[in-house]
Structures are given as C-alpha cells and as structure tokens.
Amino acid sequence: MVSHQFKVSTNWNGGRNQIGTVTGDIIKEEISIPKQLEGMGVGTNPDELLISAASSCYIISLAAVLERTHYRDVNIRLTTIGEAEFKNGKFRMNQIIHYPEITLPPVYQQSIERKLNRLIALADSNCMVSNSLRGNVDIKIIPKLKFDN
C-alpha cells in the first residue's frame, strides 16, 4: 500500500466574521465565510476549496484516462458546480456536477462517442476526491464533445 500525507496549515484570529489563512506547499490564500452566507467574502472559503478539489482532481483523472487510451491533442474545459443545502440546522454539500467539454480532432469522433461513458466513469473512479466523497455527496458528470482541427 502506498501512503501519502498532504499538509496544510490554517490560522484564524477572532470570531466568525474575520479573515484567516490557509497555507500548504503551494497554496497560500486568505479564507473567510462567503458574502452570500453573511461573511466577509475575502479570499476563498471551504466550500469553494471543496469544489476546486473535486474539479481539479476530476480533470486530471480525465486527462490521464484520455492519454492512456491514446487520444492526442485533447483540450478539456471543466465547469464544476457544487450544490449545498441547509437542512436540520446544518450546511451540507449534497451534489457536485462536473460539466467537462472535451475537444478532440475530428479523426477521434467515432471512437470517442463509443467509449465516452466508460471513460467518463473511469476518470471518476480514479479520482481520489470523488472516491472520498462518494456515498456522502452525489456526483454527476455531464460531458460535451467538440471536434476541432
């Protein structure tokens, strides 16, 4: 078994409506509660970080799956939406929807259309964040293909 540790440090002074920081090997960002939740709205927030983690993990997994199946000159644009709800006095992320737009050369059209559903699912099953959230958050993927020279 291979094991990795990922470390971040967070700092917060004061009460709810303050600004903190999150720092890791690469990330160094201010954090606060979003304005739509009556917070400061400065920097990023845990909800956005969660959706960013899901989105970046999925796009990397999808790129790897497409590469392993010998698709070349691929461009992927991904929009990810997280839907949270306030229920029983608690906020909870209940759904994440990925909208990958995959652009390939026209030569791949027939092949990718036959394999797309399997490749999309494989990328999701290879994504550590999806695997960590599965069972607690509904994850949907709605792909779109484009063909361009």
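Numbers for the structure displayed
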quantity	calculated
Residue check for S61: part of a helix (DSSP H, G or I), in contact with a Cys (Cβ under 9 Å, 6 or more places away or on another chain) and not assigned by TED's automatic domain parsing to the domain that holds V8	yes
Verdict on E83 being surrounded by fewer than 18 Cβ atoms within 10 Å (Cβ to Cβ) and in a helix (DSSP H, G or I)	no
Residue check for D25: part of a loop (DSSP other than H, G, I, E, B), among the acidic types (D, E) and not assigned by TED's automatic domain parsing to the domain that holds C127	yes
Every pair of residues 6+ apart whose Cβ atoms lie under 7 Å, when the first sits in the stretch 85-110 and is under 30 Å from K146 (Cα atoms) and polar (S, T, N, Q) while the second is at pLDDT below 95 and surrounded by fewer than 14 Cβ atoms within 10 Å (Cβ to Cβ)	N94/E85; T103/D148
Those residues of the stretch 26-47 which are under 19 Å from the mean Cα position of the chain (by Cα) and of a type outside the set (A, V, I, L, M, F, W, C), in sequence order	K28, E29, P34, G43, T44, N45, P46, D47
Pairs, first closer than 17 Å to L78 by Cα in the stretch 124-136, second among the aromatic types (F, W, Y) and assigned to a helix (DSSP H, G or I), C-beta under 7 Å, six or more apart	D124/Y58; C127/Y58; S130/Y58
Residues (surrounded by 13 or more Cβ atoms within 10 Å (Cβ to Cβ) and among the polar types (S, T, N, Q)) located in the stretch 132-147	S132
Number of positions in the stretch 110-146 that are closer than 15 Å to L66 by Cα and in contact with a Leu (Cβ under 8 Å, 6 or more places away or on another chain)	9
Residues located in the stretch 22-36, provided they are touching a residue at least 12 places away in the same chain (Cβ under 8 Å) and either of a type in the set (A, V, I, L, M, F, W, C) or surrounded by 13 or more Cβ atoms within 10 Å (Cβ to Cβ) (or both)	V22, T23, I27, E29, E30, I31, S32, I33, P34
Enumeration of residues in the stretch 55-76 that are of a type in the set (D, E, K, R) and either in contact with a Ser or Thr (Cβ under 8 Å, 6 or more places away or on another chain) or without any contact (Cβ under 8 Å) to a residue 24 or more places away in the chain (or both)	E67, R68
Residue in the stretch 99-113 that is over 29 Å from W12 (Cβ atoms), touching a helix residue (DSSP H, G or I) at 6+ places or on another chain (Cβ under 7 Å), outside the structural domain of N11 (by TED's automatic domain parsing) and not charged (D, E, K, R) present	yes
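The values are calculated or read from the model by the stated rules, or taken from the named source; none is laboratory data. This structure is a prediction, so every number in the text was calculated from the model and none was measured. Heads up, the Cβs are rebuilt from the backbone with ideal geometry, glycines too, and the neighbour counts pull from every protein chain shown.
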